[in-house]
């Protein structure tokens, strides 16, 4: 049998699933004792170039409350042409089209290698993709110009039949009509007035007039599709829209000294949501919001227009001093929920030096599966390339985005679904497999994921329901089926079905097996998601304390030690890295708000709860590579001792890429050795991390901030704040080592953390 | 002289008879006995007018106090010698009674009709502009009257005593001047404010809103583009015309470009604003559908200088008719339209004028939404007054906001049915604007009238954000004001806009005794922003005599002005009183005036004699015209809108306009000589000859009546056809024929049109044609179809009333 490492890798490659435990404890009690819940990271649209979609409808179990999809785990009676559902044990006849079925002639969905299969189904007319740009015009001239160019460029990236729309806002909100010739026409809304969806649709003339007085006259043809005026196929309005964007001016209303420009982001979004709601409900659509500052008026306002009152900080929030926070958050949540119901996702592209209100607005993207991109200016390659990458295409030439996803999770009887954490909203489907115990977004086994891309990953948490006295019989297998329905970017409706099974194990007799089935990477990310989810509603220290307690309990459960003897403490290989992940997680911006603005925290958390396992791990524990003359580039410990004068370091934190030149290297570089022919090898050394960084930059979304710094440089703080502070000003002389660089911090180092952990784990008093 | 006795006998006999009969039956038996009174024997307006014309052969100088000017129908030149020209101020009485008792006894209204920005004929100099420097115009310390010829300089010129309140004020050093031996300042004739009745002061920043010199005003054109507006052709006509009209925006110096900025809005149920910034290649349309809470969606590019944005504006005006050519929207809003204009002016921080072109009752859901409340059944009942009141208070408060911003509204209406002029007119009337109404507008036949009105309305001299204050000498006080304006207190007449055609009638009451020696003084000061954005004060001074003898009062009255006052008084009265009561009050007051005269001034004679004061001998005939006007006595075919329209229109008319409106000018067109007009004939069918052609002018209408057997030569000269039957009654303009008669007739028509503030469409009425009914309505000496008495009958009725009062 292959190692668990191989098994896990294989499962991830095939099904996009990583479980915390790959053997499941057979009773509820045992499961809770394992501390880390049975849970998984699931990537619904994991790219599978080798998986051709099948062109027929899935076969469903006929039991009304089951409807599981026929899968390789089902028992099939080829002679009777009957299959048994492996979730509810209902015996179902095959549909007539399966008449020719036999042991040697099996449909794809019965073959083991198709545990993940994708169906293309016909449901209604194909709906075009919709892109609605919502553009802030309260920008600096240079920024606006850059943004205009990016938007114009994006038109060429859209599929020609996609519908586009344009809303601009500043003090007022303008919805631009795209179909008209001659005079450019737009509908204007006051930026201070909250309007209902119905009012917005009426004001845009989208509702048919109910006035009876107008009989007599024939209906004009343009009435057939009133929405066309605002959302037009790209190929038709390409030129028109390019011109329109070109003529876009900065908000003309004067901004007095000492004031912020009046920015009606709230109303603009409500108009965008209302417009799509009225015209294309349940159709894939992206609202793309571009902002250069915080909303300063009307509903959803985050800060007043007086410059002397700064935008809320964590300090203000903790002191309950953020005046607009609750109201604005509530407003955007309501919008996000409306949008999610209709399957429209909202992206936020925020480029400003100060905060822009992402804290209040994050739910717009978090609940609808939209992107959040944060930058300093629209005139940076960070924004430009990130934005371009939104429209990247896969190996088939299709956009790496899908819309209107609905993820349904079915479990066999011994399991129940507790919840999901990711860019989704609950669909409140209370099936028999829904647990009362909620983790994340719970109380349902169906979630709406308005926008998906191949890396979108949800954390899904389960609960073992069997009581201790009636455990699952040995050798049994539990099964989980993930059914993801979505609108492919080529407008097809598709259903992807992933069915997996794991063995049950008795936790008392087979604890070693269970321990070795532990996927510490997945577990770290899944626990981190729980922590981040908690951090959204709880105080930071409470979350840390909870994480610490979980870690200690886990160590007590699986550690090998003599009571009250910390030195005897040992963890097996399958858990060895876990405490280190937790150490870095504790220090990460996902749980630490110090040094981060509320917007930044929201931004980091937003990305953390949607990326796949690899990226998430990088976020928790950044990767550090070392480049030197002493050998090929190698990964080194994320530790201050890795910072050496004759090394170049490349750190990837997901959000930042830092190239750090050690003291000596920096001096050489300054002296210009790389220019000299005889030091060609130095030149190559300098170039190597740049090339590697470039490779990461090529694929990462959003584009990381790229930092090139050196020993003593101000930007070196990005590196210094991440590495384990094994050498600080406190212990530098005590250690007496010559290598490494001291970090000026009072934070505990990994060694101290581990010492404490061991002490607490072995302590008999807890 | 002042005893009018030629018809004494007739009336005496007749009335005795009449009274007897009347008791027996309600039917007036006048018809039977009509022939018994010779219409030529009763006072003839034509005679009076012609007499006055004959009398007046030298310029009227205003230096003499208490001198009644020639009649409004007379052409005369004015020389300002210290009192305002009658073109600016006309009084009902130039010899005011000294005491309140006398005034009450006589019942003669004491009023002045003031037209502050009246245009003067080219041979008279417009008011001089006086600059008193940084400290502003010199004024009396107490009553704040402005420096004028009535200020008496004392103490060698170091101080002056106010003619109004007698307070003594120091003369500021920079204004000091020595006095001559008569006590006059040496520079008296160098300074307009010391020697003239009318002049202007340059106002300082203290006289401006928020202590900030005003911005140049703006004109905003708001065009209804609903189905009716497009279909009637109004939209394309307006857009076409505006392209040329924009070059004729008002300016003070004809060589300079106008500084007035322009903006454009179209609307139906929603409003479309246009960005016409000069730098744009194409205008941009911004639709505001949130009519419940109006706002201006753009700042930059809405109000623009015509020259900077000419191409964009022209492109816009070309495209508007196309854009809405296929509209099916029939509903309109109105309140938000004005709000939009107002907000735009607010945003630009300037005063200005809105030109609203509107077609229908605003029934779309919005503030100021109206319902159709035309109910013919209410006419003649006590509830009739409610029909003249606005149906929603919204427009009253909107008007107030407009006035505060200096936003004047001119409304052009193109209704096909009831639009509730009474309500829609509230804002224009309160902001010093005008309402123009083109019922059943058809491009072909009404275009000329509309375009001429529009051209004149845009081009005419106008002031903005004006406040008028009338100060009087101790003893009398301005108590009541009539016209198109808004008042938030009892003394200041606020006018968002004031143009050269608007007159304000001011009523005075005694609050003390006046002295014969000093007479009564009044000073009308209008603070306004000129069309070039200059803040100014226009001052008109007027001094009249005072008398302790009633006879003197009756000798110096002006009937035309009295009628102007009475009509405005009555037309306002119907807002709060039943029409019948208003009519009775009018008759009653006139009877009292005449009875008072009879009792106190006329030589004793038989009670059966009707004796009228010379100055007021036309009072009965004119009063009758007022009483039978459409407003007070509507015919069956007169719509409520028409009445409301006329009611509002009269309220800002000057004396000349009310005169011709109530007693139209009827010219026989048999012989036409160049240089002079034929003598008019009285407005009675009896005066029309079958063989003649007549021209009738009311200030609003122009008729050419053609007798059934009109001479062929005449027809040939006028119409180019010999046959009566070939004359097309639908013609609105006369053919241009190369004969002196035709030329002269067209000249006359043109000159009539030039005299009036509104363009008169020519209607050709053939005798015994259906249209003659309309024409006959204006033959005001005859009995009217709606039941109005003939002149003769009314005179008898007045006589009866007077006799009752005397007995």
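If you go through segment A:81-105, how many residues are farther than 20 Å from residue A:62 by Cβ and free of Cβ contacts under 8 Å to residues at least 12 places away in the same chain? Residues in segment A:81-105 being farther than 20 Å from residue A:62 by Cβ and free of Cβ contacts under 8 Å to residues at least 12 places away in the same chain: 3 in total.
The set of residues in segment A:534-564 that are in contact (Cβ under 8 Å) with a residue 60 or more places away in the chain, crowded, with 20+ Cβ neighbours inside 10 Å and over 16 Å from residue A:753 (Cβ atoms) contains only A:535. Just so you know, in segment B:80-119 the residues that are over 19 Å from the mean Cα position of the chain (by Cα) and without any contact (Cβ under 8 Å) to a residue 40 or more places away in the chain include one that is surrounded by the most Cβ atoms within 10 Å (Cβ to Cβ), and it is B:104. Evaluation of residue B:260 against the conditions (1) surrounded by 18 or more Cβ atoms within 10 Å (Cβ to Cβ); (2) over 25 Å from residue A:243 (Cβ atoms); (3) touching a helix residue (DSSP H, G or I) at 6+ places or on another chain (Cβ under 9 Å); (4) away from chain A (no Cβ under 13 Å) shows that the sole unmet condition is (3).
Any chance segment A:661-682 includes a residue that's outside the structural domain of residue A:350 (by the TED database), in a strand (DSSP E or B) and without any contact (Cβ under 8 Å) to a residue 60 or more places away in the chain? Looking through segment A:661-682, at least one residue is outside the structural domain of residue A:350 (by the TED database), in a strand (DSSP E or B) and without any contact (Cβ under 8 Å) to a residue 60 or more places away in the chain. For residue B:471, the criteria (1) part of a loop (DSSP other than H, G, I, E, B); (2) buried (at least 20 other Cβ atoms within 10 Å of the Cβ); (3) more than 22 Å from the chain's Cα centre (by Cα) hold in every case but one, which is (1). Kindly check whether there is at least one residue in segment A:590-608 that is assigned to a helix (DSSP H, G or I), out of contact with any helix residue (DSSP H, G or I) (no Cβ under 7 Å at 6 or more places or on another chain), without any contact (Cβ under 8 Å) to a residue 24 or more places away in the chain and not assigned by the TED database to the domain that holds residue A:425. For segment A:590-608, residues assigned to a helix (DSSP H, G or I), out of contact with any helix residue (DSSP H, G or I) (no Cβ under 7 Å at 6 or more places or on another chain), without any contact (Cβ under 8 Å) to a residue 24 or more places away in the chain and not assigned by the TED database to the domain that holds residue A:425: absent.
Could you look through segment B:217-227, keep only residues that are touching a strand residue (DSSP E or B) at 6+ places or on another chain (Cβ under 7 Å) and outside any strand (DSSP E or B), and pick out the one that is surrounded by the most Cβ atoms within 10 Å (Cβ to Cβ)? Please lay out each step first, then the result.
Start the filter on segment B:217-227 by keeping residues that are touching a strand residue (DSSP E or B) at 6+ places or on another chain (Cβ under 7 Å), which leaves B:217-225.
Keeping just the survivors that are outside any strand (DSSP E or B) gives B:217, B:225.
Numbers: B:217: 30, B:225: 26.
For segment B:217-227, the residue satisfying everything is B:217.
What do you reckon, is residue A:179 outside any strand (DSSP E or B), within 23 Å of residue B:320 (Cα to Cα) and either modelled with pLDDT under 90 or within 9 Å of another protein chain (Cβ to nearest Cβ) (or both)? Yes, satisfied. Scanning segment A:489-500 turns up at least one residue that is outside any helix (DSSP H, G or I), in contact (Cβ under 8 Å) with a residue 60 or more places away in the chain, in contact with a helix residue (DSSP H, G or I) (Cβ under 7 Å, 6 or more places away or on another chain) and on the phi < 0 side of the Ramachandran plot.
Can residue B:345 be described as buried (at least 21 other Cβ atoms within 10 Å of the Cβ), within 12 Å of chain A (Cβ to nearest Cβ) and not in a loop (DSSP other than H, G, I, E, B)? No; evaluated as a whole, the condition is false for this residue. Taking the criterion of being buried (at least 18 other Cβ atoms within 10 Å of the Cβ) and in a strand (DSSP E or B), the residues of segment A:77-96 that qualify are A:83, A:92.
Elements of the type helices (runs of 4 or more DSSP H) sitting completely within segment B:729-807 and holding at least 1 residues that are surrounded by 17 or more Cβ atoms within 10 Å (Cβ to Cβ) and without any contact (Cβ under 8 Å) to a residue 60 or more places away in the chain: these cover B:740-755. Any chance segment B:511-528 includes a residue that's surrounded by fewer than 17 Cβ atoms within 10 Å (Cβ to Cβ), out of contact with any strand residue (DSSP E or B) (no Cβ under 7 Å at 6 or more places or on another chain) and in a helix (DSSP H, G or I)? No: zero hits.
So which of A:697, A:685 is under 39 Å from the mean Cα position of the chain (by Cα) and closer than 18 Å to residue A:630 by Cα? Please lay out each step first, then the result.
Values: A:697 fails: closer than 18 Å to residue A:630 by Cα.
On inspection, the qualifying residue turns out to be A:685.
Filtered by the rule that a residue be within 19 Å of residue A:182 (Cβ to Cβ), more than 7 Å from chain A (Cβ to nearest Cβ) and part of a loop (DSSP other than H, G, I, E, B), segment B:273-301 gives B:276, B:277, B:278, B:279, B:280, B:281, B:301.
The values are calculated or read from the model by the stated rules, or taken from the named source; none is laboratory data. Treat the numbers as computed from the prediction; the structure is a model and nothing was measured. When we count neighbours, we look across all protein chains shown, and the Cβ atoms used for this are built from the backbone with ideal geometry, even at glycine.
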